[in-house]
Amino acid sequence: MNSDATTINPKPNLRLIQFGRGIVGILFLFSAVSKLMSVGQFEIIILQQHIIDNRLIAAYLARGVIILELFLGLSFFQNRYLKSLIYPATFIVISLFTLHLIYLITFTEYSENCGCFGELIKMSPAESVAKNITLLIIVILLWLKDDCINSKKEKPLLLISFALLPIIIVLLAFPINIITKSTVEEATVSDNSNGRGREKISKFSIFNQTKPDGTLIELTTDNCLAAFFSLECDHCKEISEIMGDLSLRIPEMRMYCMFLGKEEQVAGFFEETYSNFPYLVINPFEFFNFIGNAPPRIYSLSDGEILKFWDLDDFDIDEIENHVRSMSQ
């Protein structure tokens, strides 16, 4: 008998390692896709957690995080640069997310959805920390136990494609289109310079329709107000009640509500706010393109062109009333 006999299977943990890679890769891909499904809400979560206080920068950061997660998720399904790049990068990313969550738990009162899986699976910061610690343990074990060969001599074309593909998909399919004070001013200057502003197609024309009950939603004809409210937002409810009182003082005022939420929530919203306006329940992607850092936002429109708008911070009912009365003359 040969005393130098070796173990028949030199890699008994290969299947376990592949399973671990699959778990981490799928979780990163699922996290990225779930954020994309409600990317506007993810931007708002970034603002609510005070990571950034500018909606435009938050939009870029949100897409950057999604692109990074797609890249890392895809990278777990190939064998190159795992130990030298992918495992350490994944460890750093999860660690940074975890430190941020620990900060939220320790120093703030934020306890709402952390945004890890968008609106698809809502998790508190504490729940997400537990999930991240489990992921960190898996990544560390993979980093230590995986015997994959680091092919430094080979061109990293696969990894480059894994980086480029998410960038192309996210930026082309989910472009940043946020209406700010500066974009309204730029549009006004452009319209006045060529005298042909009325020929342009209004951004608000996508909402024009006749509902099944016969209600006409028309935002691009004459003067009107368009309010973007979330059906679960307390500030939106307060302002809807104030605007309802204004509509009693100015019966000729036309105002439409663009709601984020579910159709079955609308009746309760109007009942709670003692108001009633023609409305649409619109998809999150459209809704978040038309608001600022957070809802509510009210636009004053003339033939679909933006004259002025008010966010929560600059909401002034006296100013709005004077504006509406001047439009009605």
Q: Apply 1/(1 + (r/R0)^6) to the Cβ-Cβ distance of Leu158 and Asp316, taking R0 = 51 Å, and write down the FRET efficiency to the nearest 0.05.
A: 0.35
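Dipole magnitude of the chain about its Cα centre, charges +1 at Lys/Arg Cβ and -1 at Asp/Glu Cβ only, in debye to the nearest 20?
The dipole of the chain has a size of about 2240 debye.
Can you give me the relative contact order of region 264-318 as a percent, contacts being Cα pairs under 8 Å and 6 or more apart?
RCO, region 264-318: 20 percent.
Please order Thr273, Thr106 by the number of other Cβ within 10 Å, starting at the fewest. List each step's numbers first, then the result.
On the way: Thr273 19, Thr106 8.
Ascending Cβ contact count within 10 Å gives the list Thr106, Thr273.
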**Q.** region 36-112 shape via C-alpha gyration tensor axes, a/c threshold 1.5
**A.** oblate
(Q) Check which residues have an amide H placed less than 5 Å from Phe117's amide H, if you skip close sequence neighbours. (A) Met123
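Return a whole-number percent for the relative contact order of the chain, with Cα pairs under 8 Å and 6 or more residues apart as the contact set.
It comes to 17 percent, rounded to a whole number.
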Q | Backbone HN-Hα couplings from phi across region 36-46 [Karplus 6.51/-1.76/1.60, Hz, Gly and Pro as x] | A | 4, 5, 9, 5, x, 5, 5, 4, 5, 4, 4
Q.
Checking the cross-link filter: which aspartates and glutamates have an alpha carbon closer than 16 Å to that of Lys308, excluding same-chain neighbours under 8 positions apart?
A. Glu185, Glu186, Asp191, Asp222, Asp316, Asp318, Glu319, Glu321
**Q.** Area projected by the alpha carbon convex hull of region 182-328, averaged over all directions, nm²
**A.** 8.8 nm²
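Restricting things to alpha carbons, find the Rg to Rh ratio for region 14-173 using the Kirkwood radius for Rh.
Reported Rg/Rh (Cα atoms, Kirkwood Rh): 0.98.
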Q | For Gly304, distant residues with modelled amide H under 5 Å away | A | Thr221
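Just rank Val281, Val24, fewest to most, by other beta-carbon atoms within 10 angstrom. Could the numbers behind the result be given before it?
Values: Val281 16, Val24 21.
Result, fewest neighbours first: Val281, Val24.
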Q. Got the relative contact order for region 14-173 handy, in percent, Cα pairs under 8 Å and 6 or more residues apart?
A. 31 percent
Q. Out of every Cα pair in the chain, what percent are spaced more than 36 Å from each other?
A. 36 percent
Q: May I have the count of lysine pairs in region 14-173 with C-alpha atoms under 25 Å apart, counting pairs 8 or more residues apart or located on different chains?
A: 11
Q) Using modelled amide H (1.01 Å from N, peptide plane; none on Pro or chain starts), what sits under 5 Å from the amide H of Met255, excluding residues fewer than 5 places away? A) Leu225
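Can you work out the FRET efficiency for the pair Ile133 and Thr108, with r the C-beta to C-beta distance and R0 = 22 Å, to the nearest 0.05?
E(calc), rounded to 0.05, equals 0.65.
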Q. Can you sort Glu264, Glu69, Glu119, Glu319 by how many other beta carbons sit within 10 Å, fewest first?
A. Glu264, Glu319, Glu119, Glu69
Q: Could you go through region 220-225 in sequence order and give the Karplus-derived ³J(HN,Hα) for each residue, using 6.51 cos²θ - 1.76 cosθ + 1.60 with θ = phi - 60°, rounded to whole Hz, and x for Gly and Pro?
A: 10, 10, 6, 9, 7, 10
Q.
Placing one identical point scatterer on every Cα of region 222-294 and ignoring solvent, what is log10 I(q)/I(0) from the Debye formula at q = 0.27 Å⁻¹?
A. -1.37
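Values in this text are rule-based calculations from the coordinates and carry no lab data. This one's a predicted model, so the numbers in the text were calculated from it and none came from an experiment. All Cβ positions, even for glycine, are placed from backbone atoms using ideal geometry, and neighbour counts span all protein chains on display.
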